[in-house]
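In what follows, a single structure is set out as structure tokens and then discussed.
The values are calculated or read from the model by the stated rules, or taken from the named source; none is laboratory data. Fair warning: this is a prediction, and the values are worked out from it, not measured in the lab. Please note: Cβ atoms are built from the backbone with ideal geometry, for glycine as well, and neighbour counts cover all protein chains shown. These accessible areas exclude ligands, DNA and RNA; they are computed on the full protein's heavy atoms, side chains included. Shrake-Rupley method; radii C 1.70, N 1.55, O 1.52, S 1.80 Å.
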Amino acid sequence: MNTFFPLKKAIGIFDSGVGGLSVLREIRNTIPHAPIIFFGDQYHVPYGPRSLNEVLSFSRIITHFLINLGAEMIVVACNAASAAALIELRKEFPDIPFIGMEPAVKPAAEKTITGTVGVLATPATFQGKLYASVIERFANGVKIVQDTCPGLVQQIEKADFESEATVNILKKALEPMINAGIDKVVLGCTHYPFVIPAIQQIVGPKVQVIDPAPAIARQTAKIYQQIQQKPAIDHKLKTPTFIITSGDTSILAEKIAYFIPFSVKLIEAEWDKNNSYLNLTHSNQT
Ligand code: DGL
């Protein structure tokens, strides 16, 4: 059904939905010529309220799927999936380099002057061992104020970045943080960078909003260099960006320009009934 795949030495990126596009756009800026296959699991979004086991199971199948399409490294552009699956994926796919996300508490704790840092992330991320270990290693006596922003991922999936409903979710999360005296707010969910303007408006210019995507893109570029040094480079397509969704391509096609400023090939994939397999269905180009 699809003549594009498998690619060679592509970067695979995945998220529960469109959030990972905040990481993809940084990677694309940093490595303009890399073939990229992005998978957004819009059929199952949001991941945040799901169990870590369920998110691990999705992540495993998505990783297989991306490798079959030609990914030779994987960016888990999702804090929830990184919390649930990163350790297991590294064990199960020892030949594949993985880059994962963790809330950027380290730089925030190093630079805070007020000694209080806000972290916005989803429940799965806060529950994972990865977050506990980040706090243990890096918080260093800094006070951390957390919030899960219920409903925010769904607003961002609709490309609703500034309606009253979206701003109200953000205010509910951020006002207690402002009252607690934060001077940094860490975005521990890859959906949230799309609402940075609304966040900044609420917290004011003195609070720094920390998006880890540029650091992830630099790390991706380093690993990409390493996989390019292996033999057998044979790109038929120069710089394709494939976005595959388990949701509806026509809905995503209408909204994609809100998330990334360049053209992509949009493709649909389908889960089987038992969520044990992913299949490409049809494609269209934007
Ligand atoms: N974008 C994801 C993250 O970074 C997951 C959001 C969700 O699906 O709940 O955690």
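Pairs 106/171; 172/206; 129/265: which are spaced more than 30 Å apart, C-alpha to C-alpha?
Values: 106/171 25 Å; 172/206 19 Å; 129/265 36 Å.
Over 30 Å Cα-Cα: 129/265.
Relative contact order for the chain: what is it in percent, counting Cα pairs under 8 Å that are at least 6 residues apart? Working shown, then result.
Values: 555 pairs, mean separation 70.8, N = 286.
Normalised by residue count, the contact order of the chain is 25 percent.
Note on residue 112: accessible area is roughly 20 Å² with a 1.4 Å probe, heavy atoms of protein only. Label segment 135-253 by shape, choosing from rounded, prolate and oblate, from the square roots a ≥ b ≥ c of the eigenvalues of the Cα gyration tensor; if a/c is under 1.5 it is rounded, and otherwise prolate applies when a/b is larger than b/c, oblate when it is not. It is oblate, given that a/c is not under 1.5 and a/b is not larger than b/c.
For the chain, a simple Cβ point-charge model (Lys and Arg +1, Asp and Glu -1, everything else neutral) yields a dipole of about 760 debye relative to the Cα centre.
Checking the a/c ratio against 1.5 first, then a/b against b/c, what shape does the Cα gyration tensor give for segment 1-47?
Numbers: a/c = 3.04, a/b = 1.21, b/c = 2.51.
In terms of gyration-tensor shape, oblate.
Would you work out if segment 7-80 is rounded, prolate or oblate? Take a ≥ b ≥ c from the square roots of the eigenvalues of the alpha-carbon gyration tensor; rounded if a/c is under 1.5, else prolate when a/b is larger than b/c, oblate otherwise. Because a/c hits 1.5 or more and a/b fails to exceed b/c, segment 7-80 counts as oblate. The GNM of the chain, with springs linking C-alpha atoms under 10 angstrom apart, assigns the highest mean-square fluctuation among 67, 36, 260 to 260. Annotation for segment 240-284: trypsin sites (Lys or Arg not before Pro) lying in DSSP loop with at most 14 further Cβ atoms inside 10 Å of their Cβ are 273. Here's how it looks for residue 38: its modeled amide H is under 5 Å from those of 13, 242, 243, 244, which are all 5 or more places away or on a different chain.
List every residue whose amide H lies under 5 Å from the amide H of residue 184, counting only residues 5 or more places away in sequence or on a different chain, with H placed 1.01 Å from N in the peptide plane. Residues meeting the amide H criterion: 118, 208.
The heavy atoms of residue 143 offer some 110 square angstrom of accessible surface to a 1.4 angstrom probe. For segment 205-223 versus segment 24-71, the inter-centroid distance based on Cα atoms is 18 Å.
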